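To start, the structure itself, in structure tokens.
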Amino acid sequence: MIRVLIADGLRLPREALSAVLSSEPGVRVVSQVPRGDAVVPSALRTRPDVALLDADLPGLDGVTVAAQLKAALPCCRVIIVTAPERADSLRAALSTGVDGVLGKGLSVKELAEAVRKVARGDRILDPQLVTDALHAPDNPLSRRDIGILRLAAQGHTPTEIAEVLHLSPGTVRNNLAAINRKVGTRNRIETIRAASARGWI
């Protein structure tokens, strides 16, 4: 029996996927999780063999969660599911040692087959994502840049970001201006849009 954890911020896709996978012979969905920060606690309770993680989970993104899950439960195999326009997620996901990276365009039956293959020890990579990732520009943002930009994307002001990251507001404003230059955009809104579209945040 393959025990599966599903993490997706949207209830309908999560429940639909759970229903379909549960109907597959030899597969049992042991946990459905709506937030990234709930994945590891749930996995430690339910001990899944395979975790299906959406790349864009609320709370913590799927790639960050994958790294935490690999550290906390090394026997659990991890598949990241990402949108085609987020091809850069492939590189980030592979750096965490995930066992599969799939595009959201797959049918549920294809996803079920991928779960079986990964559970057997195979590694699965979506060919289109691989092609897109090879042609995607490298992420010019540092880890701190990404942290600042993610907070800005959530609507936080420079003063609020400074409080969260224990920086001065002036430092945050300077960093935001530098991030605009790195991305090649004129303002914060354009930067957030461009960085999100390229899978950098």
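The values are calculated or read from the model by the stated rules, or taken from the named source; none is laboratory data. Keep in mind that what you see is a predicted model, and the values were worked out from it rather than measured. When we count neighbours, we look across all protein chains shown, and the Cβ atoms used for this are built from the backbone with ideal geometry, even at glycine.
Structural remarks
- Which listed residue is among the aliphatic types (A, V, I, L, M), at pLDDT 85 or above and either farther than 24 Å from ARG77 by Cα or within 21 Å of the chain's Cα centre (by Cα) (or both), from VAL183, VAL130, VAL108: VAL183
- Scanning the range 1-34 for residues that are closer than 19 Å to GLY59 by Cβ and touching a Lys or Arg at 6+ places or on another chain (Cβ under 6 Å) turns up ILE6, ASP8, GLN32.
- VAL29 vs. criteria buried (at least 18 other Cβ atoms within 10 Å of the Cβ), out of contact with any helix residue (DSSP H, G or I) (no Cβ under 7 Å at 6 or more places or on another chain) and under 12 Å from ILE6 (Cα atoms): no
- Residue within the range 19-26 that is at pLDDT below 95, within 16 Å of ILE2 (Cα to Cα) and crowded, with 19+ Cβ neighbours inside 10 Å present: yes
- Search result, residues across the range 166-186 that are touching a residue at least 24 places away in the same chain (Cβ under 8 Å), under 15 Å from ALA153 (Cα atoms) and not β-branched (Val, Ile, Thr): ASN175, LEU176
- Given (1) at pLDDT below 85; (2) touching a Leu at 6+ places or on another chain (Cβ under 7 Å); (3) surrounded by 18 or more Cβ atoms within 10 Å (Cβ to Cβ); (4) of a type outside the set (Phe, Trp, Tyr), index of the condition ASN139 fails: (2)
- The combined condition, being under 20 Å from VAL27 (Cα atoms), modelled with pLDDT of 90 or more, out of contact with any His (no Cβ under 8 Å at 6 or more places or on another chain) and not basic (Lys, Arg), is not fulfilled by VAL101.
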